[in-house]
Amino acid sequence: MKFHDFYETLGVPRDAPQEEVKRAYRKLARKFHPDVSKVPEAEARFKELGEAYAVLKDPEKRAAYDLMGSGLKAGQDFQPPPGWDAGFEFSGDGFRPETGADQDDFFEALFGRRTRGAARSHAHGAGQDHHAKVLIDLEDAYRGCERSVALRMPMQDAQGHVVLQARTLMVAIPKGIRAGQHLRLAGQGGPGAGGGQPGDLYLEIEFRPHPLFRVDGRDVFLELPLAPWEAALGATVEAPTPDGPVQLKVPPGSAAGRQLRMKGRGIPGATPGDLYVALKISLPPVANERDRAAYLAMADAFDFNPRGAQKG
C-alpha cells in the first residue's frame, strides 16, 4: 500500500489552520468537479480531493494522520504501525466510514476499519463518550494492578491549528482482563453542556508485544528451548509463565515442535485459559575440540540419519 500525502493533494502546508484547508478544498473541488471540469482525470482528482478533505477537515482524523504519516512522502510503501493509536483519545464512537463513500485501500486502512460500538444515547446536554486504546503488560492481566495511563486528545486551538491536549489518569486494571475488552471510566468523557453530565471514557485494552509469550483470547503460547538430551531422555525443567516460573515435566522422546499444555495457566477468569508450550531443540555450539569430540562420539554411537537412511 502506498502513502497518500493529503496536504500535497490539497496544496496546503502541514501547519495550515483548518480554515485554510477548507478554502483550498472548495477551490479545487470547484475546479475538478466532474460535472463542470473538462480535465480528463477530473473524476479521479475529485475523489482524491474528497478523501484528503475528509481527513484534514476533522481535527481527530488529521492528528491521527499526522502521527502515522510523519516523515513519509507520497508513493512510499506504508502500513499503519502496530499500536499507533495507543493513548489516542477520540470523541464519540471513533472513526467510521462515511456512508456511501467510495474509499480506497489507504483511506480504509487508516479509518474505515476503526469502527466501534454505537455511542450511548444521552440526556439533553450530556457530554459525549470518548474512546481510547491503551497498552498494558500481559502480567497485569494475571495479577490486576493500578496503572497510570497517558492520553492525548486532538483539539483545535484559537488559531485553527490542531494540537494534542494531554492528560494522565490512574486506572485500575482488573485481574483476568483480555485484549479487546473495554473499561468504563464514568464521567471521564466529554464535558456536558448547560450543567449536563459529562460523558464516559471507554478504554480498549491491548497487550504490549511480549518477548516470550503470544496471546489468543485467554490462552497463552510459549516456545521453550531444550537441550537435545532433555528432549530425548525426558526432564523436569523450569519454564517461565506470566505469573512466575514453574516446573514443567518434559516426556522422554519429545520431538521439536511438540506442544505441552499447562491447564489453567493462561489468563485467569471464571474459566481460565491454558498455557501451551512448544518445544524447541537448541543445539550446543561447537566452541572447541572437546565439543567437537562429543558430537563425533554421538554420531558414532547412534545408528540414525535424520534424512531417513540407516547407516550400513
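Summed over region 1-28, the residues that are in a loop (DSSP other than H, G, I, E, B) and in contact with a Gly (Cβ under 9 Å, 6 or more places away or on another chain) give a count of 5. Residues in region 158-180 that are at pLDDT below 95 and open to solvent by less than 50 Å² (accessible area, probe 1.4 Å): Gly160, Val162, Gly180.
Scanning region 181-197 for residues that are open to solvent by 50 Å² or more (accessible area, probe 1.4 Å) and of a type outside the set (D, E, K, R) returns Gln181, His182, Ala186, Gln188, Pro191, Ala193, Gly194, Gly195, Gln197. Each residue in region 75-90 was checked for being in contact with a helix residue (DSSP H, G or I) (Cβ under 6 Å, 6 or more places away or on another chain), at pLDDT 80 or above and assigned to a loop (DSSP other than H, G, I, E, B), and 0 pass. When the strands (runs of 3 or more DSSP E) confined to region 231-278 are screened for residues that are open to solvent by 90 Å² or more (accessible area, probe 1.4 Å) and under 18 Å from Gly144 (Cα atoms), none reaches at least 1 such residues. If only residues of region 216-229 that are outside any loop (DSSP other than H, G, I, E, B) and open to solvent by 50 Å² or more (accessible area, probe 1.4 Å) are counted, the one that is nearest to Ala294 (Cα to Cα) is Trp229. Of the residues making up region 8-51, those that are acidic (Asp, Glu) and in contact (Cβ under 8 Å) with a residue 60 or more places away in the chain are Glu8, Asp15, Glu19, Glu20.
The values are calculated or read from the model by the stated rules, or taken from the named source; none is laboratory data. It should be emphasised that the depicted structure is a prediction, and the values quoted were computed from it without experimental measurement. So basically every Cβ, Gly included, is an ideal-geometry build from the backbone, and we count neighbours across all protein chains shown. Each accessible area value is taken on the protein alone, full model and side chains, heavy atoms only, with ligands, DNA and RNA left out. Shrake-Rupley method; radii C 1.70, N 1.55, O 1.52, S 1.80 Å.
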